[in-house]
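Notes to accompany the following structure.
The values are calculated or read from the model by the stated rules, or taken from the named source; none is laboratory data. Please read all numbers here as calculations on a predicted model, not as lab measurements. Glycine also receives a Cβ, built like all others from the backbone with ideal geometry; neighbour counts cover every protein chain displayed.
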Amino acid sequence: MSSRYRKGHSNWSRIKELVLRRDGYQCQYCGYSVFDGSRVIGMTIDHLIEYASGGKLVMENLVASCNKCNLKLIGTTASRKNDLIESREWWGKY
Ligand SMILES: [Zn+2]
């Protein structure tokens, strides 16, 4: 398990950049986005299905998220996350 994680880890920064670009450098849960011209501040990538639950390191399972939402979403199911993204329930609530 841990060795597989390390193997995938070399692509992580590339995948992260691709996901952020796809999502417009904006948190898909609350809409938060700060871009200082060279980097996105306070943003991370959330796994819809968490890695510990078998979620894969692929674009379809990854979504741009601010650090706050990422923390709030620990232990949240993928379907609830999809609901939040679609309903924009947290939009503007950063
Ligand atoms: Zn957010």
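Here Gly42, Gly54, Gly37 are screened, and the one residue that is surrounded by 13 or more Cβ atoms within 10 Å (Cβ to Cβ) and among the small types (Gly, Ala, Ser) is Gly42. Comparison of Tyr29, Tyr25, Tyr51 shows that the only residue that is of a type in the set (Ser, Thr, Tyr) and in contact (Cβ under 8 Å) with a residue 60 or more places away in the chain is Tyr29. Taken over the stretch 44-80, the residue count meeting the criterion of being in a helix (DSSP H, G or I), within 19 Å of Ile15 (Cβ to Cβ) and away from the ligand (no atom under 16 Å from the Cβ) is 7. Asp83 passes every criterion in (1) outside any loop (DSSP other than H, G, I, E, B); (2) over 13 Å from the mean Cα position of the chain (by Cα); (3) surrounded by 17 or more Cβ atoms within 10 Å (Cβ to Cβ) apart from (3). Checked against (1) surrounded by 19 or more Cβ atoms within 10 Å (Cβ to Cβ); (2) more than 19 Å from Asn82 (Cβ to Cβ), Cys69 meets all criteria but (2).
Checked against the criterion of being modelled with pLDDT under 90 and either more than 27 Å from Glu89 (Cβ to Cβ) or surrounded by 11 or more Cβ atoms within 10 Å (Cβ to Cβ) (or both), the candidates Asn61, Asn11 yield just one match: Asn11. Residues in the stretch 22-56 that are within 11 Å of the chain's Cα centre (by Cα), farther than 13 Å from Lys81 by Cβ and not polar (S, T, N, Q): Asp23, Tyr25, Met43.
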